[in-house]
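Participant: Handing you a structure now.
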Amino acid sequence: MRMTRSVDNVQFLPFLTTEVNNLGWLSYGALKGDGILIVVNAVGAALQTLYILAYLHYCPRKRVVLLQTATLLGVLLLGYGYFWLLVPDPEGRLQQLGLFCSVFTISMYLSPLADLAKVIQTKSTQCLSYPLTIATLLTSASWCLYGFQLRDPYIMVSNFPGIITSFIRFWLFWKYPQEQDRNYRLLQT
């Protein structure tokens, strides 16, 4: 965004959903007293906030972005109000928040599956990111192992779909290899 001074090829929704995901797991970590969850998700939330601010800076239609961000803040306030005010039992709060975070994380991992139909139909993986697939595999595998170590099903189970969807995307990269960028081929000659 900074290099092109544009948000033309950047979707805003992933920034918002990742922010919700980070803040949810940050709250779960705080409630559980897990320093690793707190630090990792605090850093993630801070970075997502910077991405949202950068997007807002370069976005020509600021009203739509501000409305989406305000909606997110409203949903977060309602969620925090529910978990902290209406669920008085700390163990019940931990279980419900863990379930919410798990469902949200699973939906984030499964959302790229919508692109898979397009990949199969066009026989092209141009819309998929290979580096992002590697990062997703490493991140979700790390969190699965961490959840396994803690015997925390919310962390473990919610990250398992990231491993599965990464392998599905690797298979698609193998089946439909990306053509090299034309400019890269010109540089080679």
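The values are calculated or read from the model by the stated rules, or taken from the named source; none is laboratory data. Please read all numbers here as calculations on a predicted model, not as lab measurements. Virtual Cβ from ideal backbone geometry, glycine too; neighbours counted across all protein chains shown. Side chains are part of the model used for accessible areas, which takes the heavy atoms of the whole protein and leaves out ligands, DNA and RNA. Shrake-Rupley method; radii C 1.70, N 1.55, O 1.52, S 1.80 Å.
Participant: Taking 7 Å along the Cα-to-C-beta vector as the label spot, tell me the Arg5-Tyr82 distance in nanometres, rounded to one decimal.
Facilitator: Going from the Arg5 label point to the Tyr82 one covers 4.3 nm.
Participant: A further question follows. What's the extension gain from Arg63 to Thr122 if we count 0.36 nm per residue and subtract their Cα-Cα distance?
Facilitator: 17.7 nm
Participant: Now for a different question. Which lysines, on any chain, are close to Lys123 with Cα under 28 Å apart, when same-chain ones fewer than 8 places away are left out?
Facilitator: Excluding near neighbours in sequence, the set is Lys175.
Participant: Okay, moving on. Percent relative contact order of the chain, based on C-alpha pairs within less than 8 angstrom and at least six residues apart?
Facilitator: Relative contact order comes out at 18 percent.
Participant: Please compute the modelled spin-label separation between Leu53 and Leu73, points set 7 Å along Cα→Cβ, answer in nm with one decimal.
Facilitator: Calculated label separation equals 1.4 nm.
Participant: While we're here: Round to the nearest 10 and give me the degree value, 0 to 90, for the angle of helix 130-150's Cα axis relative to the longest principal axis of the chain.
Facilitator: That helix lies at roughly 30 degrees to the long axis.
Participant: In Å, what is the Rg of the alpha-carbon atoms in the range 1-86, and how long is Dmax?
Facilitator: Cα only, the range 1-86: 14.5, 46 Å (Rg, Dmax).
Participant: Where does helix 153-175 land angle-wise versus the long Cα axis of the chain, in degrees 0 to 90, nearest 10?
Facilitator: Here the helix axis deviates by roughly 10 degrees.
Participant: What would the Debye formula give as log10 I(q)/I(0) at q = 0.13, 0.15, 0.17 Å⁻¹ for the alpha-carbon point model of the chain, no solvent?
Facilitator: Here the Debye-derived log intensity ratios amount to -0.82, -1.04, -1.23.
Participant: If all Cα-Cα distances of the range 90-178 are sorted into 10 Å bins from 0 onward, what percent lands in each bin, rounded to whole numbers?
Facilitator: Each 10 Å bin holds this share of Cα pairs: 18, 42, 25, 12, 3.
Participant: Can you spot the aspartates and glutamates whose alpha carbon is less than 20 Å from Lys32's alpha carbon? Ignore those fewer than 8 places along the same chain.
Facilitator: Glu19, Asp89, Glu91, Asp152
Participant: Cys127: accessible area at probe 1.4 Å, nearest 10 Å²?
Facilitator: Solvent-accessible area, nearest 10 Å²: 60 Å².
Participant: On the full set of protein chains, 1.4 Å probe, figure out the accessible area of Val75 and give it in Å² to the nearest 10.
Facilitator: Val75 has an accessible surface of roughly 90 Å² with all protein chains in place.
Participant: Could you put Leu113, Leu128, Leu145 in order of accessible surface area, largest first, with the 1.4 Å probe and the full protein assembly present?
Facilitator: Leu145, Leu113, Leu128
Participant: If ligands, DNA and RNA are left out, what is the accessible area of Lys123 with a 1.4 Å probe, given in Å² to the nearest 10?
Facilitator: Surface open to solvent at Lys123 totals about 130 Å².
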